[in-house]
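This report concerns only the one structure given below.
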Amino acid sequence: MNAALAGLWLRRASEDWISCMSDIVVVYHSGYGHTQRMAQAVADGAGARMLSIDSDGQLPAGGWELLAAADAIVFGSPTYMGGPSWQFKRFADASSKPWFVQAWKDKLFAGFTNSASVNGNKQTTLDYLFQLAMQHGGLWVGSGMLPSNARAAQRNDLNWIGAFSGAMAQSASDASAAEMLPGDLETARVFGERVAQQALRLKA
């Protein structure tokens, strides 16, 4: 096969792959940049678009349309005071409009969160995100990862925190977003891959 034909084959194979990919949107709020880094890792793994909720709890122009067109929606919020941020809650309340017409019914959903403590009631936030997805009649994707909890486990091992219903990260209260642990970010990326795999299965 000459170079021109090889290039044409690769381009068509790439176009075929893109055409069968699912449209995934990661919608998240980040107060200090940590959850944004986690959202980026999830999006990298899923081949997803990122949609940021601003400091007033609003989506940018066209945000609701992106969510309406998505095959899968991944929710992300920091855990503040045992639950998601008020900005995320404002977005969740505003989603009552698509809920009323069941616009997100049967979409795939998943969620992730970050907080300063290893526990920090992160599970409460994931439970909130799960309940929001269920309100919309969605289908939930968990982490699908075994925890790294043997004696030989290291902090940067995959799913060291041991989350099953979504992805979790822990960032020290005095650490910048740039200092997030690589193991938590890799866990988020692998989680994104799982969401993409399940979205393709659903689309097939």
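So if R0 is 25 Å, what FRET efficiency would residue 131 and residue 200 give, r being the distance between their Cβ atoms, rounded to the nearest 0.05?
For R0 = 25 Å, the calculated efficiency reads 0.45.
Tell me, what ³J(HN,Hα) does each residue in segment 92-106 have, in order and in whole Hz, if you take phi through Karplus 6.51 cos²θ - 1.76 cosθ + 1.60 with θ = phi - 60° and put x for Gly and Pro?
Karplus-based 3J(HN,Hα) across segment 92-106 equals 4, 5, 5, 6, 5, 5, x, 4, 4, 9, 6, 5, 9, 4, 6 Hz.
By a straight-distance test (C-alpha under 20 Å), which lysines pair with residue 105 as possible cross-link partners, with residues fewer than eight away in the same chain excluded?
Straight-distance partners of residue 105: 89, 97, 203.
To the nearest 500 deg cm²/dmol, what mean residue ellipticity at 222 nm is calculated for the chain from DSSP H runs of n ≥ 4 alone, each contributing -39,500 (n - 2.57), summed and divided by the residues?
My calculation for the chain gives -13500 deg cm²/dmol from helical runs alone.
How much length, in nm to one decimal, is gained on full extension between residue 179 and residue 156, taken as 0.36 nm per residue of separation minus their Cα-Cα distance?
Value of the extension gain: 7.0 nm.
Distance in nm between label sites at residue 172 and residue 145, each 7 Å beyond Cα in the beta-carbon direction?
Taking the simple label geometry, residue 172 and residue 145 are separated by 2.1 nm.
Could you run the Karplus curve 6.51 cos²θ - 1.76 cosθ + 1.60 with θ = phi - 60° over segment 86-91 and give me ³J(HN,Hα) per residue in whole Hz, x for Gly and Pro?
Values, residue by residue: 5, 5, 5, 4, 5, 4 Hz.
Quick one: which of 114-124, 146-156, 55-65 comes out on top by average Cβ neighbours within 10 Å, and what's the full order, highest first?
114-124, 55-65, 146-156
When the Cα centres of segment 168-204 and segment 31-60 are compared, how far apart do they sit, in Å?
11
Using amide H atoms built in the peptide plane, which far-off residues or other-chain residues are under 5 Å from residue 159 H to H?
187
Treating the beta-carbon of each Lys and Arg as +1 and of each Asp and Glu as -1, no other charges, what is the dipole magnitude of segment 22-203 about its Cα centre, to the nearest 20 debye?
Value, rounded to 20: 340 debye.
How much of the accessible area of the chain, in percent, comes from carbon and sulfur atoms when a 1.4 Å probe is used?
55
Report ³J(HN,Hα) in whole Hz for each residue of segment 45-62, in order, from the Karplus equation J = 6.51 cos²θ - 1.76 cosθ + 1.60 where θ = phi - 60°; Gly and Pro get x.
Taking θ as phi minus 60°, the curve returns x, 8, x, 9, 8, 9, 9, 8, 7, 7, 5, 9, x, 10, 8, x, 4, x Hz for segment 45-62.
What residues have an amide H closer than 5 Å to that of residue 53, excluding those fewer than 5 places away on the same chain, when H is modeled at 1.01 Å from N in the peptide plane?
28, 29, 30
Using only the Cα atoms of the chain, what are the Rg and Dmax in Å?
17.7, 62
Hey, rough spin-label estimate for residue 66 and residue 54, points 7 angstrom out along Cα→Cβ, what's it come to in nanometres?
It works out to 1.4 nm between the two label points.
Once amide H atoms are built 1.01 Å from N in the peptide plane, which residues 5 or more positions from residue 140, or in another chain, come under 5 Å H to H?
109
The values are calculated or read from the model by the stated rules, or taken from the named source; none is laboratory data. Keep in mind that this is a model prediction, so the values were computed, not measured. Counting neighbours? That spans all protein chains shown, and the Cβs are built from the backbone with ideal geometry, glycine included. All accessible areas refer to the heavy atoms of the entire protein, side chains included, with ligands and DNA or RNA removed. Shrake-Rupley method; radii C 1.70, N 1.55, O 1.52, S 1.80 Å.
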